[in-house]
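The structure under discussion appears below in the form of structure tokens.
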Number of protein chains: 2
Amino acid sequence: MSQTKTWTAETIAVGSELLLGGRLDTNSLFIADRLAACGVELRYKTTVGDDLSDMVSALKTALRRVRVVILTGGLGPTIDDLTREAVAQATGHRLSRRKAALDAMTARLAEWGRTPTTSQFRQAMIPARAEILSNPVGTAPGFSLVWKGSFLAALPGVPREMEPMVRDGVLPQLQAWMRTQKRISATPMIRRVLHTSGVPESVVDQALAGLVPKGCTIQLGIYASPMEVMVSLTGPAGAEGGATIEQLLKEARTRLGDIVYGEEDETMESVVGRLLNEQKLTLAVAESCTGGLIGHRLTQVPGSSAYVDRVAVTYSNRAKVEMLGVPSGVIERHGAVSADVAAAMARGIRERSGAAVGVSVTGIAGPGGATESKPVGLVYVGLDGGPGEGLTKEFRFHGGDRAVIKQRSSQAALDLLRRWLIRKGC
Amino acid sequence: MSQTKTWTAETIAVGSELLLGGRLDTNSLFIADRLAACGVELRYKTTVGDDLSDMVSALKTALRRVRVVILTGGLGPTIDDLTREAVAQATGHRLSRRKAALDAMTARLAEWGRTPTTSQFRQAMIPARAEILSNPVGTAPGFSLVWKGSFLAALPGVPREMEPMVRDGVLPQLQAWMRTQKRISATPMIRRVLHTSGVPESVVDQALAGLVPKGCTIQLGIYASPMEVMVSLTGPAGAEGGATIEQLLKEARTRLGDIVYGEEDETMESVVGRLLNEQKLTLAVAESCTGGLIGHRLTQVPGSSAYVDRVAVTYSNRAKVEMLGVPSGVIERHGAVSADVAAAMARGIRERSGAAVGVSVTGIAGPGGATESKPVGLVYVGLDGGPGEGLTKEFRFHGGDRAVIKQRSSQAALDLLRRWLIRKGC
């Protein structure tokens, strides 16, 4: 049993391919948020390969140091899928074939016009005394059990299978069990997030100095990434040392002002999409150095076909002239990377498309293409909303590679649009 | 001291924000590859927050179960940066301010026209007997030490600081130390990778059945992701149970044939770019459901401006007519998502741009927009390379959300182009 007096958790992700990284981990954010809402704090994240003794070692370590262990992965039908055996070894519970698990799997496969293969029978082998967690999407069931004062759940690693199983299976079971463990108090924690754009981390840091009063345990987190600085407030749902999260959040919004572009799960493209929808405006985009990234981001949002009319990626100068009507004299005089060309691109795409607003980017993403007066990272964004409604802005992005400069350029263009839409909507 | 008889490693990433995921982990792939080349196998990856007792616990666990521990993060100047203290506590080595570390930091800051702040002095506090690892990019030095038969290195978490410090500092030290540990043999391991596209995991699995002879310890890994099935062969550099990695790799290439689109670090867009460059051809793209993703991917490759002429993202039907000259009658008769429209889009963008080849995509990315006869996931890709050189292909992608369908559609279009370029180049 763990020695801690608060509710602590560890996730164990199983899979040799995960040891190598190179994949975006979204499971742990999901699990951490859901556990926090129940008053359980994620303290460790472990990744281990498909090796039985390593898995048993990781499980034993976790069961010793936290009260809640969530395993993901290793529940498939192949001999590499060893999570069931590892839990059996770590806890001393034998595996047995469960009729309920087998029936559910057979029924699921029948829907797909298939019957279980011999190897799929393995998926119905569940440690004794574990409760089966049904999988509403795939064939592999999960399971949960309580062992020496810790709660353990094993789930598939695929997010769209794991997420409903956490929500509908793990959390109700976990909360019911926590209520029986009276010596440990659970304080439900909440986490609120603000997303800011256009300023460095140090500016956000200064603006929020002294936000959390002394003695208050609410935690302020400030995290910089190429496209944004994210602010998080984590703490108990109620009042805490003279402040609540909602009060601090309100104060943070006031201090940060319009550099806050969104909250919680919002993205710059979803915010821009909402504003365009609200104002019933359509958008056309002319991209150069971003190469299609702005269009890609805008169209990640379901329903974006309602406001995205078209995007022209004019990588060559000829394309800028032909697709957007940028005068070739302007390119010759000012260069393709200039405020004048950005303005002509935004105007050109708006006029040719008939969209309400045109947005443009031109810049040097590197590593090649720089000159003495125009270094890598020099980027111009433009906006045209009709006569008298033209804007351009210059950026000099330092210290990033081609991918980062593309990201930051796309963010700068979408943020220019966001600010224009907010002013227009007022 | 660890009980293992081979060289095993664990990475510990420090930082509360890392517990929440949502970030691409590239450090572990880099570290795993470099360690494998020295004969050290990465067995565990642990992530822990900025909490001293959790860090000490994670360190003690790692020092017990592996021989090589690589810590990343927590070396900055703030009071949240606790890696130095955690190593001191876990190993019993006191921290002391090192003149060499302080001098290097002062010199680096002087280059930037700055002097060390009080908090930056903390960065020169290094555990006694540890060797300092100089940081060629930032201000925080790393350090390494040997403790009860295990090698431990602490490095910054920022990849562009960490990577040269591993290459030039950690690996030479580690290898020198390993040579003194004669009871454990180190077998340098190599890992070779093939990338395939266009077929499901089960097809790759069947094609490679029996590839690795019985008794051979070379490991075959097959990993599916939305855009590809990746094949890896991992094992000792020399002959092993009657086969070498290079022999198996050659056999795998033969068995898989042209579904292999690339090897090692190659991406579909880098391969397509190389083929276009070799054949001195230019490309224009007409995208609908992918929304700019194809252009974005193509332009991630440095130097892509040599062959990418332009991209038209024609989200609306009107844009298809105006930007590409798709006859509105064809859209009315067959619908915007049809082989005929895909063909007309590819032809239109090629003719209007004057590029050598045009590629197109039109499809239903969902969640909206489906009809009874045209479900979400129905996608047509097209290619036009001039008179008599037109192709279209239909895809029905199942079981993915909007983002996945966009990814798979972009991959299908680029793969069609790749195959066409290979035939043309022969």
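The values are calculated or read from the model by the stated rules, or taken from the named source; none is laboratory data. Keep in mind that this is a model prediction, so the values were computed, not measured. All Cβ positions, even for glycine, are placed from backbone atoms using ideal geometry, and neighbour counts span all protein chains on display. In case anyone asks, the SASA skips ligands and DNA or RNA and just uses the protein heavy atoms, side chains included. Shrake-Rupley method; radii C 1.70, N 1.55, O 1.52, S 1.80 Å.
Taking the criterion of being within 14 Å of chain B (Cβ to nearest Cβ), touching a residue at least 40 places away in the same chain (Cβ under 8 Å) and in contact with a Phe, Trp or Tyr (Cβ under 7 Å, 6 or more places away or on another chain), would at least one residue in the stretch A:74-82 satisfy it? No, there is no match, as no residue in the stretch A:74-82 is within 14 Å of chain B (Cβ to nearest Cβ), touching a residue at least 40 places away in the same chain (Cβ under 8 Å) and in contact with a Phe, Trp or Tyr (Cβ under 7 Å, 6 or more places away or on another chain). Residues that are within 18 Å of residue B:216 (Cβ to Cβ) and assigned to a loop (DSSP other than H, G, I, E, B) within the stretch B:235-272 comprise B:237, B:238, B:239, B:241, B:242, B:244, listed in sequence order. Within the stretch B:191-217, residues that are closer than 27 Å to residue B:409 by Cα sit with their Cβ atoms under 8 Å from residues that are of a type in the set (Lys, Arg) and outside any loop (DSSP other than H, G, I, E, B), at 6+ positions apart or across chains, in these pairs: B:194/B:253; B:207/B:255; B:208/B:255. Taking the stretch B:116-155 as the range and being of a type outside the set (Gly, Ala, Ser), in a loop (DSSP other than H, G, I, E, B) and in contact with a Ser or Thr (Cβ under 7 Å, 6 or more places away or on another chain) as the test, the residues that pass are B:116, B:141.
For the stretch A:69-82, state whether one or more residues are at positive phi and not β-branched (Val, Ile, Thr). Yes, there is a match, as at least one residue in the stretch A:69-82 is at positive phi and not β-branched (Val, Ile, Thr).
Quick test for you: out of B:6, B:61, B:91, pick the one residue that is within 10 Å of chain A (Cβ to nearest Cβ) and farther than 22 Å from residue B:163 by Cα. Outline the logic, then answer.
Details: B:6 fails: within 10 Å of chain A (Cβ to nearest Cβ); B:91 fails: within 10 Å of chain A (Cβ to nearest Cβ).
None of the others qualify; the one that does is B:61.
Here residue B:261 fulfils each of the conditions (1) farther than 20 Å from residue A:80 by Cβ; (2) aromatic (Phe, Trp, Tyr); (3) within 14 Å of another protein chain (Cβ to nearest Cβ) apart from (3).
Name the residue, out of B:156, B:226, B:164, that is in contact with a helix residue (DSSP H, G or I) (Cβ under 7 Å, 6 or more places away or on another chain) and in the same structural domain as residue B:66 (by TED's automatic domain parsing).
Every option except B:156 fails the conditions.
Whenever a residue of the stretch B:25-42 is within 15 Å of residue B:170 (Cα to Cα) and more than 12 Å from chain A (Cβ to nearest Cβ), its partners that are of a type in the set (Gly, Ala, Ser) and crowded, with 21+ Cβ neighbours inside 10 Å, lying with C-beta atoms within less than 6 angstrom and at least six residues away or across chains, give the pairs B:40/B:9.
Here is a yes/no grid of residues against (1) open to solvent by 60 Å² or more (accessible area, probe 1.4 Å); (2) free of Cβ contacts under 8 Å to residues at least 60 places away in the same chain; (3) hydrophobic (A, V, I, L, M, F, W, C):
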{"site": "A:93", "(1), (2), (3)": "no, yes, no"}
{"site": "A:103", "(1), (2), (3)": "yes, yes, no"}
{"site": "A:116", "(1), (2), (3)": "no, yes, no"}
{"site": "A:124", "(1), (2), (3)": "no, yes, yes"}
{"site": "A:149", "(1), (2), (3)": "no, no, no"}
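Which of the residues belonging to the stretch B:398-426 are within 29 Å of the chain's Cα centre (by Cα) and without any contact (Cβ under 8 Å) to a residue 24 or more places away in the chain? Give the derivation first.
Within the stretch B:398-426, the subset within 29 Å of the chain's Cα centre (by Cα) is B:398-423, B:425.
Those that are within 29 Å of the chain's Cα centre (by Cα) and without any contact (Cβ under 8 Å) to a residue 24 or more places away in the chain: B:398, B:399, B:403, B:423.
Give the residues of the stretch B:273-320 that are small (Gly, Ala, Ser), more than 7 Å from chain A (Cβ to nearest Cβ) and part of a strand (DSSP E or B), sorted by residue number. Show your work before the answer.
Pass one, the stretch B:273-320, residues small (Gly, Ala, Ser): B:273, B:284, B:286, B:288, B:291-292, B:295, B:303-306, B:312, B:316, B:319.
Still in the list and also more than 7 Å from chain A (Cβ to nearest Cβ): B:273, B:284, B:286, B:288, B:304, B:306.
If the condition is that a residue be small (Gly, Ala, Ser), more than 7 Å from chain A (Cβ to nearest Cβ) and part of a strand (DSSP E or B), then B:284, B:286 are the ones that fit.
Scanning the stretch B:321-337 for residues that are open to solvent by less than 10 Å² (accessible area, probe 1.4 Å) and not in a helix (DSSP H, G or I) gives a single hit, B:326.
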